[in-house]
Amino acid sequence: TVRVTPQDRIGLLHSPGFAGAVRYIYSGLLSGASLHVLSARQQGPEGVMTAIRERDLSVLKLSPQLFRHVVAALPEGKRFDSVRCVVMAGDRVEWSDIETFRRCFSPSAEVMVSIGSTECATSYSQWVVRGDSKSLGPRVPVGRELPHRRVTLRGEDGDVALEGEPGEVVVTSRYLARGYWKDEALTAERFQADPTDPTLRSFRTGDLARRRPDGLLDFLGRRDNQVKLRGHRVEIEEIEGAIRRCAGVSTAVALVRRSESGEPHSLVAYLVADLDRS
């Protein structure tokens, strides 16, 4: 979908152990492109910005948060002229991000919005934002289903949601995870065989979405307590469990603090001390 060629210079800003990085490592190397490994942690936004411009990188995959920091480091009046495609995924993309992209990148460059999960072999939906798309609504849609990934929205009753109705995203494909490591119960809950085709399986993503008349999906949030915080997938229950295992803690509750617009910005935990265990 990014149409990688031997002339491309791909910036890799993810750990190679992250599922989203695998697609860019192999799509680049198998297509004859060059791969440029960058580290936002070590180089900082200004160092990443400089590397993109000095190395004439053409394809980038950035979380919205990292995109904002890198673009903010760009000197006034300068652009990323070598970049032809930026894929933004990992958290909610705002229309202000699209406006910033058009101001700081070449007029011919494309911005692609994507959503997915590790269990789906990364993305299950994406699209290239073109023209004046603010008429699409207050939120940037997360795209249309990709080839070999059938997306169905199911309501609380399990029936297929009608157009415009919210529902959980269920992805059906040959290319899904086998299940969860040593967790048969969760595997059975999330993964199911497809009754119409033995080569296909379905995965309940936990993502909530609504399908627009033009086929684009609007991401509405999660049906569980999983959140995305600065591009990182956070499982609230895992954090609470880790705190409860600490000496001197009786119980704990973790919460995500949100801004006035509803966007998550920090993680906090409340605990009850158990002095007998301290």
### Message
Please determine whether any residue of the range 172-184 is within 24 Å of residue 92 (Cα to Cα) and part of a strand (DSSP E or B).
### Response
yes
### Pair list, Cβ < 7 Å and 6+ apart or interchain, from the range 179-202 residues that are under 16 Å from residue 118 (Cβ atoms) and open to solvent by less than 60 Å² (accessible area, probe 1.4 Å) to residues that are among the aromatic types (Phe, Trp, Tyr) and in a loop (DSSP other than H, G, I, E, B)
186/180; 187/180
### Query
Which pairs do you get when a residue that is farther than 17 Å from residue 75 by Cβ, found in the range 37-51, comes within reach of a residue that is among the hydrophobic types (A, V, I, L, M, F, W, C), reach meaning Cβ atoms under 6 angstrom, with the pair 6+ apart or on two chains?
37/12; 38/13; 38/48; 38/51; 40/13; 40/48; 40/66
### Message
I'd like the full set of residues that are open to solvent by 20 Å² or more (accessible area, probe 1.4 Å) and under 22 Å from the mean Cα position of the chain (by Cα), limited to the range 84-109.
### Response
84, 90, 91, 92, 94, 95, 96, 99, 100, 102
### Task
Filter the range 13-32 down to residues that are out of contact with any helix residue (DSSP H, G or I) (no Cβ under 8 Å at 6 or more places or on another chain) and open to solvent by 80 Å² or more (accessible area, probe 1.4 Å) and give me whichever is farthest from residue 66 (Cα to Cα).
30
### Message
residue 203 - would you say it is under 24 Å from the mean Cα position of the chain (by Cα) and within 26 Å of residue 139 (Cα to Cα)?
### Response
yes
### Message
List the strands (runs of 3 or more DSSP E) inside the range 223-278, counting only whole elements, that have at least 1 residues being modelled with pLDDT of 75 or more and acidic (Asp, Glu).
### Response
232-235
#### Entry: Some residue of the range 51-58 being more than 28 Å from residue 205 (Cβ to Cβ) and among the small types (Gly, Ala, Ser)
yes
### Query
Taking the range 160-178, which residues are crowded, with 16+ Cβ neighbours inside 10 Å and of a type in the set (Gly, Ala, Ser)?
161, 167, 173, 177
### Query
Within the range 85-96, can you find the residues that are in contact (Cβ under 8 Å) with a residue 60 or more places away in the chain and either in a loop (DSSP other than H, G, I, E, B) or of a type outside the set (A, V, I, L, M) (or both)?
85, 89, 90, 91, 92
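In this structure, does residue 67 turn out to be buried (at least 19 other Cβ atoms within 10 Å of the Cβ) and over 16 Å from the mean Cα position of the chain (by Cα)?
No.
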### Task
Determine which single condition residue 160 fails, assuming it passes every other condition in (1) under 27 Å from residue 1 (Cβ atoms); (2) modelled with pLDDT of 90 or more; (3) under 22 Å from the mean Cα position of the chain (by Cα).
(3)
### Task
Identify, from the list 10, 52, the residue that is crowded, with 17+ Cβ neighbours inside 10 Å, modelled with pLDDT of 95 or more and in a helix (DSSP H, G or I).
52
### Task
Answer yes or no as to whether residue 81 is open to solvent by 30 Å² or more (accessible area, probe 1.4 Å) and at positive phi.
no
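Answer yes if at least one residue in the range 122-131 is part of a helix (DSSP H, G or I) and open to solvent by 10 Å² or more (accessible area, probe 1.4 Å), and no otherwise.
no
The values are calculated or read from the model by the stated rules, or taken from the named source; none is laboratory data. Predicted model only: the values in this text are computed from it and were never measured. Don't worry about glycine lacking a Cβ; one is built from the backbone with ideal geometry, like all the others, and counts go over all protein chains shown. Ligands, DNA and RNA are stripped out before the accessible areas are found, and what is left, the full protein with its side chains, is counted by its heavy atoms. Shrake-Rupley method; radii C 1.70, N 1.55, O 1.52, S 1.80 Å.
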